[in-house]
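Single-structure report; data block below.
The values are calculated or read from the model by the stated rules, or taken from the named source; none is laboratory data. Please read these numbers as outputs of a predicted model, since none were measured by experiment. In this analysis, Cβ positions are derived from the backbone assuming ideal geometry, glycine residues included, and neighbour counts consider all displayed protein chains. All accessible areas refer to the heavy atoms of the entire protein, side chains included, with ligands and DNA or RNA removed. Shrake-Rupley method; radii C 1.70, N 1.55, O 1.52, S 1.80 Å.
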Amino acid sequence: DLYRKVFVFRKDPSDAYVVLRARLEQPLHNFTVCLRSYTDLSRPHSLFSYATKKQSNEILLFKPKPEEYRFYVGGKFVTFRVPEGRRDWEHVCASWESATGVAEFWLNGKPWPR
């Protein structure tokens, strides 16, 4: 449980990361990740990655530019274009359901169209 936990990367975080190891008791059928982030980076960067033994980025929340998010599941992705940030905290959630293949995205508590 990472509720109220903060990871701070003070220098260029191009090689900084945190590893959490979870043991699944059954196959993953649904997935939701929510996080708050703040950065002054304008270059592409990952916010979250879920790795499996076969794929290092099986689920990936990626920000290729300040006004865009990409949510990857199994190598396919959905792009969400957002207003360019005001250099403020952003709260994002991304969700995926295996039965329907539907991926959803929320920015600052609001569902985002795709």
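Condition first: touching a strand residue (DSSP E or B) at 6+ places or on another chain (Cβ under 8 Å) and open to solvent by 70 Å² or more (accessible area, probe 1.4 Å). Now tell me which residues in the stretch 47-56 satisfy that.
56
Give just the number: which of (1) polar (S, T, N, Q); (2) part of a strand (DSSP E or B); (3) open to solvent by 70 Å² or more (accessible area, probe 1.4 Å) does residue 14 not satisfy?
(2)
Hey, any hits in the stretch 101-112 for a residue that's part of a loop (DSSP other than H, G, I, E, B), surrounded by 13 or more Cβ atoms within 10 Å (Cβ to Cβ) and of a type in the set (Phe, Trp, Tyr)?
Checked against the condition, which is being part of a loop (DSSP other than H, G, I, E, B), surrounded by 13 or more Cβ atoms within 10 Å (Cβ to Cβ) and of a type in the set (Phe, Trp, Tyr), the stretch 101-112 yields at least one hit.
Does residue 41 qualify as being surrounded by 11 or more Cβ atoms within 10 Å (Cβ to Cβ) and closer than 19 Å to residue 94 by Cα?
No.
Of (1) free of Cβ contacts under 8 Å to residues at least 60 places away in the same chain; (2) within 22 Å of residue 7 (Cα to Cα); (3) open to solvent by 60 Å² or more (accessible area, probe 1.4 Å); (4) assigned to a strand (DSSP E or B), residue 32 satisfies all except one. Which?
For residue 32, the failing item is (1).
If you check residue 27 against the conditions, is it out of contact with any Ser or Thr (no Cβ under 7 Å at 6 or more places or on another chain) and modelled with pLDDT under 90?
Against the criterion (out of contact with any Ser or Thr (no Cβ under 7 Å at 6 or more places or on another chain) and modelled with pLDDT under 90), residue 27 qualifies.
Do you know which residues across the stretch 57-78 are open to solvent by 40 Å² or more (accessible area, probe 1.4 Å) and not in a loop (DSSP other than H, G, I, E, B)?
62, 65, 70, 72, 76, 77
Only one of 83, 27 is over 20 Å from residue 97 (Cα atoms) and surrounded by fewer than 10 Cβ atoms within 10 Å (Cβ to Cβ). Can you tell me which?
From the options 83, 27, the qualifying one is 83.
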